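The values are calculated or read from the model by the stated rules, or taken from the named source; none is laboratory data. Source: prediction; values computed, not measured. Virtual Cβ from ideal backbone geometry, glycine too; neighbours counted across all protein chains shown.
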């Protein structure tokens, strides 16, 4: 009797295992069919990222590796990314001896691995300024993704020791470049993206770091179907906290009287003082977020993060920072309002990757150019 019951139990377990295996197999076959179908009928831009672009740095935390030649796709197009011996992004052409050297510092908007080198705003400026001024102008692109104001300051200090410059452009991103403390160095970052592993603590953030983010990176690089679903599920993913998008507190009206505006203006003033002491021109370019420029994107954020529109002012960071910059006599270029006008008939940001597209870089260069032309002519005519 007992042996009979054991045989029945074993047969049931065997049958259950067989059924589960068939279901798993059927699901895998279905997913493969869907993946193939999406690749044929709805092909997606698969993310292609090269970790070798970055290397640890004991002062900056991370930097671009030297002499990189790679193909990268952040979701918009495949781009050739090349760096020189100092990790600066460069093109294929070797510049002639420059008569005016500009250092550009910034984050991923300046590194611009979403577009080809010749399309970057600084590359465009280098070309048009040289043509209009009648002498070669060189712009060193020292932009690196995930940098902030502290790192811009450290990059400037490092570059000043390496080379003599005539001018510095600091690209300040209005979403996350605002600092609350000053830092003299950052711990080296071994990897820009975490590896898949077991969470060390039972928390949502640890689960995202060890499971969600690594799996997301894998599927973004390998599955058209995953990209297809993700691109159509931004609202849902945002509501459950499984997205890279966020809405900074600096846009809330309650932060209007925050000390953060003055703190960052003082930080920029200290950088300007360094430039002034060397007779170097200094310009801050305010980079707007995509949702500041595109009203439709802002409404997506309203729904995604359940934002009370009456408590938000999308122009607040720009207005408050500019007020402090004016008080300190710091020259700046504001892109926001002209970008809003242009964006009504010509998108300036990527559809998947919300950095500038080639038209965004072109628009930025056109807005910045008159200021640089004036400053360079003035510096050249009055070198003292």
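How many of the residues making up the range 304-325 are more than 24 Å from residue 110 (Cα to Cα) and without any contact (Cβ under 8 Å) to a residue 60 or more places away in the chain?
4
Out of all the residues in the range 95-105, which are under 18 Å from residue 160 (Cα atoms) and either touching a strand residue (DSSP E or B) at 6+ places or on another chain (Cβ under 6 Å) or at pLDDT 95 or above (or both)? I'd like the intermediate steps shown before the answer.
Taking the range 95-105 as the starting set, the residues that turn out to be under 18 Å from residue 160 (Cα atoms) are 98-105.
Correct list: 98, 100, 101, 102, 103, 104, 105.
Show the residue pairs meeting these rules: Cβ distance below 8 Å; 6+ apart or different chains; first residue within the range 24-44 and modelled with pLDDT of 80 or more; second residue surrounded by 11 or more Cβ atoms within 10 Å (Cβ to Cβ).
31/225; 34/225
Which of (1) part of a loop (DSSP other than H, G, I, E, B); (2) over 18 Å from the mean Cα position of the chain (by Cα) does residue 75 not meet, given it meets every other one?
(2)
Conditions (1) modelled with pLDDT of 95 or more; (2) within 29 Å of residue 132 (Cα to Cα), marked per residue:
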{"site": "59", "(1), (2)": "yes, no"}
{"site": "71", "(1), (2)": "no, no"}
{"site": "78", "(1), (2)": "no, no"}
{"site": "86", "(1), (2)": "yes, yes"}
{"site": "93", "(1), (2)": "no, yes"}
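Scan the range 161-175 and report the pairs whose first residue is not assigned by TED's automatic domain parsing to the domain that holds residue 372 and whose second residue is at pLDDT 95 or above, with Cβ atoms within less than 7 Å and a gap of 6+ or a chain change.
none
Quick one: in the range 137-160, of everything that is farther than 20 Å from residue 267 by Cβ and modelled with pLDDT of 95 or more, which residue is nearest to the chain's Cα centre (by Cα)?
141
Assess whether residue 301 counts as being closer than 26 Å to residue 170 by Cα, in contact (Cβ under 8 Å) with a residue 24 or more places away in the chain and touching a helix residue (DSSP H, G or I) at 6+ places or on another chain (Cβ under 8 Å).
Spelling it out, it is not the case that residue 301 is closer than 26 Å to residue 170 by Cα, in contact (Cβ under 8 Å) with a residue 24 or more places away in the chain and touching a helix residue (DSSP H, G or I) at 6+ places or on another chain (Cβ under 8 Å).
Test residue 81 against the stated conditions and say whether it is in contact with a helix residue (DSSP H, G or I) (Cβ under 8 Å, 6 or more places away or on another chain) and in a loop (DSSP other than H, G, I, E, B).
Against the criterion (in contact with a helix residue (DSSP H, G or I) (Cβ under 8 Å, 6 or more places away or on another chain) and in a loop (DSSP other than H, G, I, E, B)), residue 81 does not qualify.
Scan 330, 342 and give me the residue that is in contact with a helix residue (DSSP H, G or I) (Cβ under 6 Å, 6 or more places away or on another chain) and more than 16 Å from residue 170 (Cβ to Cβ).
Criteria check complete, one pass: 342.
Has the range 281-288 got any residue that is farther than 28 Å from residue 305 by Cα and either outside the structural domain of residue 309 (by TED's automatic domain parsing) or surrounded by fewer than 17 Cβ atoms within 10 Å (Cβ to Cβ) (or both)?
Within the range 281-288, not a single residue is farther than 28 Å from residue 305 by Cα and either outside the structural domain of residue 309 (by TED's automatic domain parsing) or surrounded by fewer than 17 Cβ atoms within 10 Å (Cβ to Cβ) (or both).
Kindly check whether there is at least one residue in the range 340-351 that is in a helix (DSSP H, G or I), in contact (Cβ under 8 Å) with a residue 40 or more places away in the chain and in the same structural domain as residue 109 (by TED's automatic domain parsing).
Yes, there is a match, as at least one residue in the range 340-351 is in a helix (DSSP H, G or I), in contact (Cβ under 8 Å) with a residue 40 or more places away in the chain and in the same structural domain as residue 109 (by TED's automatic domain parsing).
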